[in-house]
Amino acid sequence: MIVRILGEGQLQLDDSASAELNALDAALEQAVNSGDEPAFRAALAALLDRVRALGTALPADTLEPSDSILPRADADLGEVRSMLTDEGYIPG
Amino acid sequence: MSVMKRVSMIFRAKANRALDRMEDPRETLDYSYQRQLEMLTQVRRGVADVATSRKRVELQMNTLRQNQNRLEGQAKQALGAGREDLAREALSRKAALGSQLADLENQYQSLQADEEKLTVASQRLQAKVEAFRMQKETIKATYTAAEAQSRIGEAVSGISEEMGDVGMAVQRAQDKTAQMQARAGAIDELMASGALDDMTGTPRDDIQAELDSMRSGPNIELELQRLKGEIGAAPTQAIEGGGTPAADGTAAPAAAEQPQAGDGA
């Protein structure tokens with residue numbers, strides 16, 4: 001599967017990674033919902049670190065869409081919330 | 001629903017809206033390509049703006065460093081003359097500049113990181129736009145409208161995702177640059193108004209004035225002694241009137257100018 005980290009690019013990951021990533025993603029979601037900023041920071045960092053560790057960068061000239069897209073590493077809680085609710089946030 | 005899925009769905013919805021807009025899917029290719037070229041221009045402008053902002057901060061840092069060195073020199077000079085109070089004052093002003101400098105250094109590093117990220121993003125987008133252009137020509141030449149539909153959908157969603165990503169990065173960089181420009185403008189204004197001069201001591205430098213007057217102090221005393229001696233030795237010349245006040249009149253402004261002359265050097 002292909003995962004994009006916003007601001008960093010796309011990575012190719014083996015499908016077997018999905019269980020682990022889903023667990024980290026669930027923790028991230030919980031932190032976003034509870035509005036707990038430190039928990040959010042930790043959960044986002046953990047998820048991104050795992051994706052970076054398991055993935056290999058896709059060549060720049062591929063046009064394949066990603067299966068999953070993740071917020072950039074320094075996104076704050078408010079930004080991620082508005083990304084999830086306000087579609088107008090994404091230009092292009 | 002998970003964060004990963006929601007974010008990607010939002011991106012996909014955006015791409016689909018772009019696809020739905022056109023009657024003939026092949027028009028979508030040209031439309032999308034135009035948007036890509038615009039985005040590339042925008043990213044490059046973003047990189048240039050960040051670079052300009054970074055250079056401006058760099059210039060301000062250089063000025064502050066020069067002022068710090070100058071204050072350090074003054075502190076040494078004051079200590080040499082046994083004026084610890086003056087040295088202390090110079091060092092405390094130097095420390096005040098230090099915190100401003102640290103703030104500018106943070107800004108500089110952050111701008112530098114943004115510049116690097118945006119440069120990489122612009123290269124990545126450039127590679128994708130080129131790939132898209134080639135695919136666009138192939139699709140247009142080889143496929144009928146109906147067959148083209150799915151191929152176009154793939155190409156457009158792939159690049160539209162990249163455009164969304166880059167678009168957000170440019171937007172953020174522009175917001176940040178605007179903020180930093182405002183802060184840099186405020187510092188430039190302070191420097192121009194002389195408000196910072198009182199602290200760094202550029203044109204009207206009271207520490208330097210005192211150091212200079214300490215140095216010229218003995219000279220003025222000697223000068224006074226010499227003048228007194230001349231008057232004492234030739235009392236008759238004093239009758240010519242103008243002589244004595246004139247001598248006083250010239251000696252005073254000369255002494256007053258001395259610190260300024262030393263300051264300019």
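The values are calculated or read from the model by the stated rules, or taken from the named source; none is laboratory data. A quick note: this is a predicted structure, and the numbers were derived from the prediction, not measured. Here Cβ is always computed from backbone atoms with ideal geometry, including for glycine, and neighbour counts include all displayed protein chains.
What the table below lists for this structure:
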quantity: Residue B:57 vs. criteria β-branched (Val, Ile, Thr) and more than 12 Å from the chain's Cα centre (by Cα); calculated: no
quantity: Residue within the stretch B:66-87 that is without any contact (Cβ under 8 Å) to a residue 60 or more places away in the chain, over 27 Å from residue A:51 (Cβ atoms) and within 14 Å of chain A (Cβ to nearest Cβ) present; calculated: no
quantity: Among the candidates A:45, A:19, residue that is modelled with pLDDT under 95 and hydrophobic (A, V, I, L, M, F, W, C); calculated: A:19
quantity: Residues of the stretch B:107-146 satisfying the condition of being within 14 Å of chain A (Cβ to nearest Cβ) and either closer than 16 Å to residue B:52 by Cα or not in a helix (DSSP H, G or I) (or both); calculated: B:109, B:110, B:113, B:114, B:115, B:116, B:117, B:118, B:119
quantity: Qualifying residue in the stretch B:176-195 (condition: within 9 Å of another protein chain (Cβ to nearest Cβ), basic (Lys, Arg) and either within 37 Å of the chain's Cα centre (by Cα) or not in a helix (DSSP H, G or I) (or both)); calculated: no
quantity: Candidates A:26, A:60, filtered to the one that is more than 15 Å from residue B:8 (Cα to Cα), in contact (Cβ under 8 Å) with a residue 40 or more places away in the chain, at the interface with another protein chain (Cβ under 9 Å from one of its Cβ atoms) and among the small types (Gly, Ala, Ser); calculated: A:60
quantity: Sole exception among (1) at pLDDT below 85; (2) crowded, with 19+ Cβ neighbours inside 10 Å for residue B:128, by number; calculated: (1)
quantity: Filtered residues of the stretch A:39-76 (kept if of a type in the set (D, E, K, R), in contact with a strand residue (DSSP E or B) (Cβ under 9 Å, 6 or more places away or on another chain) and under 21 Å from residue B:120 (Cβ atoms)); calculated: A:52, A:64, A:72
quantity: Extreme residue, farthest from the other protein chains (Cβ to nearest Cβ), among residues of the stretch B:1-55 that are farther than 30 Å from residue A:47 by Cβ, buried (at least 18 other Cβ atoms within 10 Å of the Cβ) and among the polar types (S, T, N, Q); calculated: B:53
quantity: Within the stretch B:81-90, tally of residues that are buried (at least 18 other Cβ atoms within 10 Å of the Cβ) and either in a helix (DSSP H, G or I) or in contact with a Gly (Cβ under 6 Å, 6 or more places away or on another chain) (or both); calculated: 4
